[in-house]
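Peer 1: The following block contains the structure, expressed as C-alpha cells.
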Amino acid sequence: MLQLPLVVTTQVDLVLVLVSLLAFWTRLSRLSSPNAVVFDEVYYGQFVSLYMKRVFFIDDSGPPLGHMIMALGAYLGEFDGNFVWNRIGAEYPSSVSVWSLRLLPAVCGALCVPLVYLLTLELKFCHLSALGASALLLLENSLIVQSRFMLLESLLIFFVLVALLSYLKFHNHPNSWFRYCWLLLSGASCAAAVGVKYMGVFSYLLLVGVASLHTWNLIGDRTLSVCVQCVCRAVCLLVVPVLLYVFWFYLHLTLLHRSGPHDQLMSSAFQASLEGGLSRITQGQPLDVSYGSQVTLRSSASQPIPCWLHSHKANYPIRYENGRGSSHQQQVTCYPFKDVNNWWIIKDAGRQELVVSSPPRPVRHGDVIQLVHGMTSRFLNSHDVAAPMSPHSQEVSGYIDFNVSMAAQNLWRVDISNREAESESWKTIMSEVRLVHVNTSAVLKLSGVSLPDWGFRQLEVVAEKLFKAHSSSLGWTVEEHRYGTSQEQKEREAELHSPTHIDVDRKMSFWAKFLELQWKMLTVKQEDSEHKYSSSPLEWITMETNIAYWLHSSTNAQIHLIGNPVSWGVAHLSLLAYQLLAAVYLLRRRRGLKDLPDGVWAQFVCLGCVCVGGWLVNFVPFLLMEKTLFLYHYLPALCYLHLLSPALLEHTHTHLLRYTHTHSPAHRSTHRHALGVCLSASQLQALKWRDSWDILYRRR
Amino acid sequence: MAKEECITQLNTAGDTSTLRHRRTVPTSSETLQTLSEDRRSQTAELDDTQSSNGTSAHFSPGGHFSQDPQSSRVVLMLVAGLCFATRLYKITEPPHVCWDETHFGKMGSYYINRTFFFDVHPPLAKMLIGLAGYMTGYDGTFPFGKPGDKYEHHNYWGMRGLCAVLGSFLPIFAYVIVQDLSRSYTAALITATLLIFDTGCITISQYILLDPILLFFIMAAVLSMVKFNLQRFRPFTSYWWLWLVLTGVNLAGALGVKFVGLFVILLVGLNTVWDLWRILGDLSLSLVEISKHFLARVVGLILVPLFLYVTIFAVHFVVLNKSGPGDGFFSSAFQSRLIGNNLHNASMPEYLAYGSTITVKNLRIAGGYLHSHWHLYPEGVGARQQQVTAYLHKDYNNVWLVHKQDNNASQSVTADLVRHGDIIRLEHKETTRNLHGHLHEAPLTKKHFQVTGYGINGTGDTNDLWQVEVCGGQKGDVVKVLRSKIRFLHRATGCVLYSSGKTLPKWGWEQVEVTCSPYLKETPSSQWNIEDHINPKLPNISLSVLKPHFLEILLESHIVMIRGNSGLKPKDNEMNSKPWHWPINYQGLRFSGVNDTEYRVYLLGNPVVWWMNLASLGLYPIMVAVASITLQRGFSLGQKRIEHSLVLMREGGLLLLGWLLHYAPFYTMGRVLYFHHYFPAMLFSSMLTGITFDVLLKSTDLLLRPPYSDWLQRLGQMVLLFSVLYSFYLFHPLSYGMTGPLAHEPGSAMAGQKWMDSWEF
C-alpha cells in the first residue's frame, strides 16, 4: 500500500554547491586556450597518441593509470593520435579537440575543492573552516594552472583526497554496514592514486599507518570481537589496492598490443609478444638453435642501449691512445642497429661444416661451440690481452693468425642461465645464455663503454673473469635465427623454415609481462640533468622559483606555475603554528595539565595526523631524492597544508582566543599568469615580486 | 587509563615510529618493572664494593643459569681471554700491506712526520694509529705505497696491535650490554659466542683500519648508555655522572673516527629524549629537578663531546704543521699556516699587474683553482671548445696570464696595475687559450652559461673580455694579491664567473664545473682571489696573510671533508657493493693476495653466524607482534612470560633501533659503499640475536611440559654453540690466512666451502 503523499526531503548545502560551481568555473573556463602545447603536455601527449594508436611504450616516470585517464579524454574527444608532440608552444591543429584532452584533469582538479570542504567537515570542524579550506584551494593559482592542462598532479590530488575522505567516513560512522563501501572506495582510490604517480605511495602509507593505529586500538578493546573487522580492513586497504594496481597494468598491456619505439628496452620474448616489430621477423623461426644455425645475439642488458653482438672488417689499433698495446685482431663490438654484420654462425668445434645437418642437432646447455662471424668468417676469440676500454677484462676479438705465437682460443661453452633442466636445448628468444670462454673461464660481457673513433663509437664487448652471479650484461639471447644451408659465403640467399614453428605470443603470461614491465620501469633511469626550471625541495617552502609553462609565440602572454604568495605564506605559518601548539600541549599534558577536553584533543591529534603527517610524507622524501625536481612536486603536500590552516584557525578561535580573525586572499594579481592573460612588459615587471622568479619578456 | 595515554601518544608522535613498540607497554607492567628494578638496586647497593667493574652484581631472574658474582666473573674472564686470543693470534701475518692499510698506515706516518694531509674522515683514529706506531718504535719512514708491499724491518705490529686490542673489546662489551639489558646470562653468552667466533669481526680487527677503533667507541658508547639507564633510580650519584660522562666521551670518540658515529649519537639521542619524556611524566618530580636532569644531559651528552671533538681537531692542526699532499683542498689563508707551503711567509708582488702570471682560487670552501686543459667539451655539451674547470690540486694547468684587452705584452718598463673596473683578458698559459664565455648552456647548471677556453696564442674575440671588480671596492682601487676578493664580470653577457661545486662527469675528469652566472648576487662561489703571483717587473714583498681563526679552520676542514665524502662516487669498473648484499653475507672483501701462491686473507662473515642474525631479524618482528598483540588484547600471561615479552619489546627494540640506524641510511647514500660498512649494524644485530634466541629457547615450555622443555632448551643452546664453533673451525682460514690453491680447485683448505658463488676466495 503506497503511502501518500510521497515526500522526498533533501538537504542541499548551498555553500558547497556554490564552491563547486566556482571551482568548475576557475578550472574549466576557456579550457582550450592557449591552443598550443603547454609544458609537460609535450611529454604526456605523446603517450596519449600512442594509446590512440595502441602502440606499446614504457614510461619510467610512473604507472599507467594517469596516462590512461588522459587517453580516455582523448578517446571521447575522438583524437586520432596524429599529432607530433615535439616542442612546447606548438599550435594544435583544428582537428585536435584540446578541450576534451584537458577536460578530465580539469574536472578532477575542480572536484578537489568540494572534496576539501567535505574533508574538513569529516575532520569535525565547522562549515566556516570548510569554506575557508575550499577557498584556499579554489584560489591557489598553482593548483589552477596544474589542473588546466594535461598533467597528472590534479588526478593524483583528487584520488588522494577521495581516499582520505572515504576512510574518515568509514571511521566516523562505526555502526553502519554501509561503512565498508567507504572503506572499499578508500582502498580503490589509494590504488588509483598510486596508479597515477608513484608519489601516491606516500599518502597511501600514511593512510595505512592511520588505519593500523585505529585497528590497534580496536584490538585493545576487549568488549568487541575483532577478527572479522581486522580481516575486512586488511582486505580493503591492502589486498584490493594491490589487485587494482595490477589491474591498471592489465588494462595497459591489453590496450597496447602493437610494437613501437620502446620495444628495444624489453626482452626479446616480450617484444615477440607485440604485434609487428620483432614478432614479424621471428615468426616461423626454428625454435632450437642447432649446429650450423645463423643467429643474431642480443645482449640482455638494456643499459646503456640495447645492441647486438657485432664484428666488422677493422682491427683493434696496435697501440691505444694511452700507450697500451692490443692484439691487433678484428674488432668485436656491440652495435645498436640491425646490420648484416650482426650475424653469427654456430659451429661444432669438432666438425668443419657450417650447415645444419638433417636432422638438426640442437645445442644444449654445457655444449662447447665456436662462433663464426657470418660476413668475415672470423672466429669469436678471447685471450689474455687487456680490453681496450676496460683494462681489467679480457679483449674479445675475431681471430686473425698473425703468426706471433698467439694461438686461437675460440671455444665457448654454452651456459643457459634460465634453464629448467640440465640438458635443456638452446631456444630462440626464450633462452638467455652466457658464453663461457673455455680456456680462461671468462664470460662474454657487454661492458657498456663506447669505443672511440677507431671503433666507430660502438659499444665495447669484453670477457670478464670475475664470475659475478647476476648481471644482465652477461646474458645473450638469440633473436633472429635461421638454419644455414650454404657452405659458401652466400648465407643471405635463402631463409630456411624448419617445421618447428612456435607461437611465441602465447608463451608469455600476463604476470611475466607485468613483472618485467614493472621491473624495467623502476630500473630504467633517464639521464639526470638539471632543467632550467628545476628547483630543490627547500626552495619550495619559500617559493623561490617558478616554472614558465608557456609563452605566446609573438606577444607577452604567458603561463607560469607559481603559488599564491598569500595562501602559501598562510599555509606555512599554520604548519609552524600547529607544531608549536602541539609541542606545548604535549609537554603540558605530560605534566598532567589537560588544556583540552579529550574529545577536542582527539580532534586536534587527528588533524595533525592527516594534515601535518600528509605534508611530511609528501615533502620529506624529496629531500633524499637525487632526481630533477620541480615546484609541482610540492602541490600534494601543499593541499594538506591548505586543509590545515582554516581548521587550525578555528581551533585557535574556539579554544584559545575569543575574538574572530579573518584573512583575505590576494589572488587577483597573480591569477593572470594562471589564465594566460596578455600583459605589457611593465605590468609584468610589476608582478615580479621576487628576483628569483623567471618571468619572460619578449624582446621587441 | 594507561592504555589511553599510550594511544594518545601513538596518535601524536608521528615521528617516533621506531619507538612505537616501546610505548605500547601498559603501565601495569611498568610498575612491575620498577619493582624488579628496585630489588636490583638493593642488591647492587649490598655489594657495591664488588660492582666496581660494573658487571658482577647483576640480578638474574629465574634462569637456570643463576650464578653468584664469583662465577659470573669467571665467565667474563673466559670471554675476555677468548677475545684476546682470537684477535691477537697471528697478528703480524701477513708481513705486507693489506688493503686499506695503505691509506691509514700512511696517514699514521704523516702524524709521525707532522705532514699535512687530507682525508674524508675525522682524525682521531689516525692519530691513535700514529701514536701507537710512535710508542712501539715505528719511525714513520715506511711509504705504505700499495697493498702487497713488504714491511721488512719496519715496526708495524704496534699499529695492528692497537686495532686488535680495541677490536677484542667488542665481544666483551656486547656481553655486558646484553646481560644488562636482558639480565640473562644465556642471552649474553649467545651474543659473545657469535661475536668471538665471527671471522669477519676477527679479520676487521686485525689490520690497521679505522673500523676496529670506530666499533670500539660505538660499543663503548652503547655500553655506557645502558649502564647509565640502569642508574636511573639513583640520579646524580657519582656512578650516574660517571656513566653519563663516559657516554659523552665515547660519542665524541665515535664521531672523531668516522662520521658514521653520527648514527650512534642519534641512537643515544633518541634514548635520552625517551628518558627525559619519562622523567617529565613523573609528576612527583618538580620542574626544577626536571630541568636539572635536562641540564645534566646537555652537559654530559652535548657539551663534553663537543669540547672533546673540537680538541681532537685542535691537536690535529697543531701536530700537522708541515706542508703536504692535502694543501690544495684548502683556502689560501689555511695554506699559509703550513711550513713549506709557498704561501708560508710568502713573498710576491703585492698588487696585481698586467703581464703577471697568476693562479686564481675560488673563495667557496674547497672551491679549487681556475683550471683548463687540452680537452674539449664533448659533443652536445654547449660549444665544442676547450674545457674550463675548477681543480683542487696544484698543477701547472692552473696558471693564467693577465693581459690588457687589446695587446698581448705591455711595452712599458714598469708594470701597469690592474684596477677595479678594468677590462682584462685571461690567457691560459699552457694552451694559450683565452678564458671565454658565451650564451650556451653550462654543462650541469643549465641556468648558467658555459665558460670555455677559446682562441690561439691569446687571440680570440670580444667574448674573452672580463671586467675585474674588487668586492667592496671603488673605481680605481688596485687588486691586492691574496687579500682582495675579486669577481670577473663577463663583458658581453654581463654574467659573473662562477664555480658551481658540481662534479663534471668522466669527460671532465671529475673536476668541478665552472660557469658564468647571470645572477649577480655576491656569493663565495662567484668570488675569487689571486693566490700565486709572479711578475718580474715588480718587487717581491713579504706578505703576511691573515691567519685564520681556529673555528674558521675547523669549519673549513669539515666542509672539505663532507665534499670529499660525497665526491666518492662509484667508478664503473670498481667492485660496488650494495647494502642489501651485506646482511646475507653476499660478498666479502679481498684483503690480501689473489693468486694461489700468495698469502690470502678474505673479509667475510662467518656464514653460520650471519645467517643466524638474518634469521633472528626475521624472527624478532614475528615474536614481538605475537607478544604485543597478546599484551594489547590483555590475555593473562604468567609473570615470567610477561617479563620475556617486555625484554623482547623494550630492550630488543633498542637494539633493533640501533641496527636500523646503522644500516638503513646506507640505502640513501650516493657514495661508494663497501662490505665493511655493515659491521656496526652487525654488532647490534648479533646482540638482538642473543636476546631473540634466548627468549625463544626459554619459551620452549609452550610446546612441551617442564622436564622435557628444559632438555629442549639445553639442546638448543648446545646446537647453537657447536654450530658456531664448527663453522669457525671451517672458516677460520679466511681470517688467519690461507695459501695454496684457490677454493674452487680441489686440494684447497677451503674446498667445498664456497657455499655462495659470489664468495671470491
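Peer 1: Using alpha carbons only, how many degrees (0 to 90, rounded to 10) separate the axis of helix B:550-566 from the longest principal axis of chain B?
Peer 2: 80
Peer 1: Considering the options A:Leu18, A:Val107, A:Thr120, tell which one lies farthest towards the positive end of the dipole of the range A:1-135, charges being +1 on Lys and Arg and -1 on Asp and Glu at the Cβ, about the Cα centre.
Peer 2: A:Leu18
Peer 1: When the Debye formula is applied to the Cα atoms of the protein assembly as shown, each taken as the same point scatterer, what base-10 log of I(q)/I(0) results at q = 0.04, 0.07, 0.08 Å⁻¹?
Peer 2: -0.31, -1.04, -1.39
Peer 1: Where the Cα atoms of the range B:133-282 are projected onto their three principal axes, how long is each span, largest first, in whole Å?
Peer 2: 64, 31, 25
Peer 1: Highest mean first, how do B:506-514, A:132-140, B:731-739, A:251-259 rank when packing is the count of other Cβ atoms within 10 Å averaged over residues?
Peer 2: A:132-140, B:731-739, B:506-514, A:251-259
Peer 1: Separate question: Charges on Cβ only, +1 for Lys and Arg, -1 for Asp and Glu, centred on the Cα centroid of the range B:338-448; of B:Val388, B:His428, B:His440, which one is farthest towards the dipole's positive end?
Peer 2: B:His440
Peer 1: If you don't mind, another one. Largest first and to the nearest Å, give the Cα extent of the range A:151-303 along each principal axis.
Peer 2: 77, 36, 27
Peer 1: How about the range B:570-674: which chymotrypsin sites (Phe, Trp or Tyr not before Pro) there lie in a loop by DSSP and see at most 10 other Cβ atoms within 10 Å?
Peer 2: B:Phe635
Peer 1: Still on this model: Pick out, in residue order, every one of the GluC sites (Glu not before Pro) in the range A:506-615 that is DSSP loop and has at most 11 other C-beta atoms within 10 Å; say none if there are none.
Peer 2: A:Glu527
Peer 1: Pop out the Kirkwood hydrodynamic radius of chain B from its pairwise C-alpha distances, inverse of mean 1/r, in Å to one decimal.
Peer 2: That comes to 29.6 Å for chain B.
Peer 1: Counting other C-beta atoms within 10 Å, which of A:Leu656, B:Leu520 has the fewest, and how do the rest follow?
Peer 2: A:Leu656, B:Leu520
Peer 1: Kirkwood-based Rg over Rh for the range A:509-606 (C-alpha set), two decimals?
Peer 2: 1.23
Peer 1: Relative to the longest principal axis of chain B, what angle (0 to 90°, nearest 10) does the C-alpha long axis of helix B:69-88 take?
Peer 2: Tilt relative to chain B: about 40 degrees.
Peer 1: Starting from the Cα-Cα distance between A:Trp177 and A:Leu593, subtract it from 0.36 nm times their residue separation and give me the gain in nm to one decimal.
Peer 2: Here the segment from A:Trp177 to A:Leu593 would lengthen by 145.8 nm.
Peer 1: Also, quick follow-up: Taking Cα atoms of the range A:1-152, Rg/Rh with Kirkwood Rh, to two decimals?
Peer 2: Across the range A:1-152, the Cα-based Rg/Rh ratio is 1.12.
Peer 1: OK, next. Helix-only estimate, please: 222 nm mean residue ellipticity of chain B, summing -39500 (n - 2.57) across DSSP H runs of length 4 or more and dividing by its residues, to the nearest 500.
Peer 2: Rounded to the nearest 500, it is -14500 deg cm²/dmol.
Peer 1: Work from the charge dipole of the range A:353-461 (Cβ charges, +1 for Lys and Arg, -1 for Asp and Glu, about the Cα centre) and give the residue of A:Ser425, A:Pro359, A:Ala408 farthest towards its positive end.
Peer 2: A:Pro359
Peer 1: With +1 on each Lys and Arg Cβ and -1 on each Asp and Glu Cβ, and nothing else charged, work out how big the dipole of the protein assembly as shown is about its Cα centre, in Debye to the nearest 20.
Peer 2: In total the dipole reaches around 2120 debye.
Peer 1: Between the range B:608-636 and the range A:368-423, what is the separation of their alpha carbon centroids in Å?
Peer 2: Here the two parts' Cα centres lie 53 Å apart.
No value in this document is a laboratory result; all are computed from the given coordinates. Predicted model only: the values in this text are computed from it and were never measured. Counting neighbours? That spans all protein chains shown, and the Cβs are built from the backbone with ideal geometry, glycine included.
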